[in-house]
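These notes concern the structure reproduced below.
What follows is calculated from the coordinates using simple rules that are stated; it is not laboratory data. In this text, all values refer to a predicted model and were calculated from it rather than measured experimentally. For neighbour counting, all protein chains shown are included, and Cβ atoms are generated from backbone atoms with ideal geometry for every residue, glycine included.
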Amino acid sequence: MIRYLTAGESHGPALIGILDGAPAGLRVDATALGQEVARRQLGHGRGGRMKIEADEVEFVAGLRGGVTLGSPIALLIRNRDYENVRALMDPLAGAGPPITRPRPGHADYAGALKYRHRDLRNVLERASARETAMRVALGALARQYLAVFGVTVLGFVQQIGDVSARTEAEEPDKESIERSPVRCPDAEASARMVARIDAAKSEGDTLGGVFEVRALHMPVGIGSNRQPSERLDARIAAALMSIQTAKAVEFGSIAADLVGSRSHDTFERQDDEVVRGSNRAGGIEGGMSNGADIVVRVKVKPIATLMRPLASVDLATGAAAPAAVVRSDVCAVPAASVIGEAMVCLALAEAFSEKYGGDSVAEVREHFEASQLGAARVFGEKKPTSSLD
């Protein structure tokens, strides 16, 4: 089964990631992987750190000649900013003045008590969203694994602050997403989002919002109804909620008035195929993919570090004090949408590897194609619910 681990501090020497369970014979497109990592650094409202880091991915293990060996894949991203703070962050000799004023909305206070740290830097370094650079790299590997099954994953921004885009009933245009400085396919809303971010910056404030991720060309039957932890929606929701700024996850579009007749997707028979009249369920029913595109939205909180800091307490003295201020973003919702894509890819890769897994890509393809043909025969359909070209 595919699984992953990450390690590294925000200003430490490097970020490290391991992807275990990928089959042998998967040709890795290193250029495409690098482009995914670069996308995370873009977006109007990002902070000065993005001008420092280049986020170049180094392959350390698990590949030979650009092809997976079936052994664990190890990746490394060096933190360029480490050289600027080596005396503070050296793993063996690092030392410096402690941070003692926790930021509301961040992990500082809870982490200090949990791990009994007197210096909040020991908490915030790992809690920082800098760690997601590696998750995006690992998600890019998972994306290339999902391509074996013909599945693609697309994310975009739906709302920033009080500015919302028009609801997209069909698949958004990828080019319009990539052109937008906030990854929003609605050009008019995109311009207003940029202006709203600029206003928040001038006020010393930050902005949250909502992004959407869609997994396209999904087969039926990924996930399970047998145990709560095996439900595909639970897995995807957990993956997305692991993003540092995520606060809520929603699948599909259940009617606002919660009336059943306007909330579910009817069945129809067309050309010897069973089709659905809509996709209000967001592609998942009973914890299993139903063959429609997976549609999931994530609400993202505003960044916890404000340039006009909120009220806090100096834990060293007990006196009232403003929260600590460290270099940060004004709005990270566009970057969060890229991270969201990666997390959906990782969650799906895990579930796909459980159902169709094998030691090699050739074996995985055999399992997938046999499963699709077998499912198509259950009720006499003439072709699989999903197929590879």
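The figures follow:
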read-out	value
Unit charges at the beta carbon, dipole of segment 3-377: most positive-side option, Ala320, Ile294, Ile222	Ala320
Long-range HN-HN contacts of Ala24 with modeled amide H, under 5 Å	Gly70, Ser360, Val361
Within a Gaussian network of the chain (alpha carbon springs, distance under 10 Å), most fluctuating of Gly252, Gly318, Gly12	Gly318
Rounded to 5, percent antiparallel among DSSP beta bridges of the chain	95
Unit charges on C-beta of K, R, D, E only; dipole of the chain, Debye	1160
Summed side-chain charge close to Phe251 - residues other than Phe251 whose Cβ falls under 9 Å, Lys, Arg +1, Asp, Glu -1	-1
Per-residue Cβ neighbour rank within 10 angstrom, fewest leading, Val148, Val182	Val148, Val182
Selected from Tyr115, Tyr356, Tyr145 as most flexible by GNM, with the chain as the system and alpha-carbon contacts under 10 Å	Tyr115
Fewest-first ranking of Val330, Val67, using other Cβ atoms within 10 Å as the exposure measure	Val67, Val330
Most fluctuating residue given options Thr245, Thr317, Thr206, as computed from a GNM of the chain linking Cα atoms under 10 Å	Thr317
DSSP loop GluC sites (Glu not before Pro) with at most 13 other Cβ within 10 Å: longest gap in the chain	204-389
Order of Thr266, Thr31 under a 10 Å beta carbon neighbour criterion, fewest first	Thr31, Thr266
Length-normalised contact order for segment 3-377 - Cα pairs under 8 Å, 6+ apart - percent	22
Per-residue HN-Hα couplings for segment 197-209 [Karplus 6.51, -1.76, 1.60; θ = phi - 60°; Hz; x = Gly/Pro]	5, 4, 5, 5, 4, 5, 8, x, 10, 10, 10, x, x
